[in-house]
Amino acid sequence: MSQITVREMNFDFPEQIERYWCGNSYFRTHFFNSITLLFPDGEQFMLRTIKRQLKQINNLQIKQEASAFIGQEAQHSIQHEKFWKNLQQQGYELKTYLRFLRFILWNICENWLSIELKLAMIAGVENCTNVVAELVLEEELLAEADSKLKELFEWHAAEEIEHKTVAYDVLQNVTDSYLIRLLGMLIGYTFVFGFFNLGLFLMLYQDKKLLNFKVWQEMVQFLFIKEKLFFKVFLNSLEYLRKNFHPLQRDNLFLVRKKIR
């Protein structure tokens, strides 16, 4: 039986949520806002790709976990998209970004990549989000955030850790090609970091904070000095390069039990 639980959530974000809802920080607020812009379509791409592969999975355990993965990712997509209404009410223009994101996902990745590369791309992205989710929960990055958004991101982070093995196992069930795994990781990382940074800079630009010294100071602290996100993602990526890598080798499932049941 799958150990992954599909939890049906129903977040409601009141209109009075502060513009800089994460500790009144421009950088941290838009760091998470950018994630919210990226995830709904990204999650839809993942679940549709895995769903199409379900019939070909010959391992019952992996098939059950893949079905649960689809359910969790569907919930993530739905719940994050709800917050877009708040962002639009605050005056942010999202349509241009979303149009470009969807073109890359549905016109390029969907049509041009083989099923093996799509799965490898998803496995690479899941490896990256696993590290970010761990950082969010361990470092309590949302301690000063609006309570509703804190709950949203911490629930999502815990579920990312809970289903961290699924995309990798589905990929391995289709192909154990090391080259495809690495190429997919490169594509996935390029996609995620490209659109994450684009969303971050667009939000800061619309707030006229792109050249704000405090924003850049906080960004440097977050990436390189205090939370060290850059180094943690880099080291985890090196682990992913090992031929005998598996997501279970990273011991962080205790964070799931700590945050959700």
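Residue by residue, here is whether (1) surrounded by fewer than 17 Cβ atoms within 10 Å (Cβ to Cβ); (2) within 29 Å of Ala120 (Cα to Cα); (3) out of contact with any strand residue (DSSP E or B) (no Cβ under 8 Å at 6 or more places or on another chain); (4) acidic (Asp, Glu) holds:
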residue	(1), (2), (3), (4)
Glu18	yes, no, yes, yes
Thr29	no, no, no, no
Asn33	no, yes, yes, no
Phe45	no, yes, yes, no
For a quick check of your reading of the model, give me the residue pairs whose first member lies in the range 92-116 and is under 17 Å from Thr49 (Cα atoms) and touching a residue at least 12 places away in the same chain (Cβ under 8 Å), whose second is open to solvent by less than 90 Å² (accessible area, probe 1.4 Å) and polar (S, T, N, Q), with beta-carbon atoms closer than 8 Å and at least 6 apart or on different chains. Ile115/Thr49; Ile115/Gln53; Glu116/Thr175; Glu116/Ser177
Pull out all pairs, ordered by first then second residue, where Cβ-Cβ is under 6 Å, the residues are six or more apart or on different chains, the first lies in the range 40-67 and is closer than 16 Å to Glu159 by Cβ, and the second is in a helix (DSSP H, G or I) and open to solvent by 60 Å² or more (accessible area, probe 1.4 Å). Pro40/Glu81
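Going by what's in this entry, would Leu87 be described as over 14 Å from Leu152 (Cβ atoms) and of a type outside the set (Gly, Ala, Ser)?
Values: over 14 Å from Leu152 (Cβ atoms): no; of a type outside the set (Gly, Ala, Ser): yes.
So Leu87 fails the test.
Scan the range 124-141 residue by residue and report those that are part of a loop (DSSP other than H, G, I, E, B) and either without any contact (Cβ under 8 Å) to a residue 40 or more places away in the chain or in contact with a strand residue (DSSP E or B) (Cβ under 7 Å, 6 or more places away or on another chain) (or both). Quick ask: steps written out before the conclusion?
At the first step, the residues of the range 124-141 found to be part of a loop (DSSP other than H, G, I, E, B) are 139-141.
Matches in the range 124-141: Glu140 only.
The values are calculated or read from the model by the stated rules, or taken from the named source; none is laboratory data. What you are looking at is a predicted structure, and each value in this text was computed from that prediction instead of being measured. All Cβ positions, glycine included, derive from the backbone under ideal geometry; neighbour counts span all protein chains shown. These area figures cover heavy atoms from the full protein model, side chains too; ligands, DNA and RNA do not enter into them. Shrake-Rupley method; radii C 1.70, N 1.55, O 1.52, S 1.80 Å.
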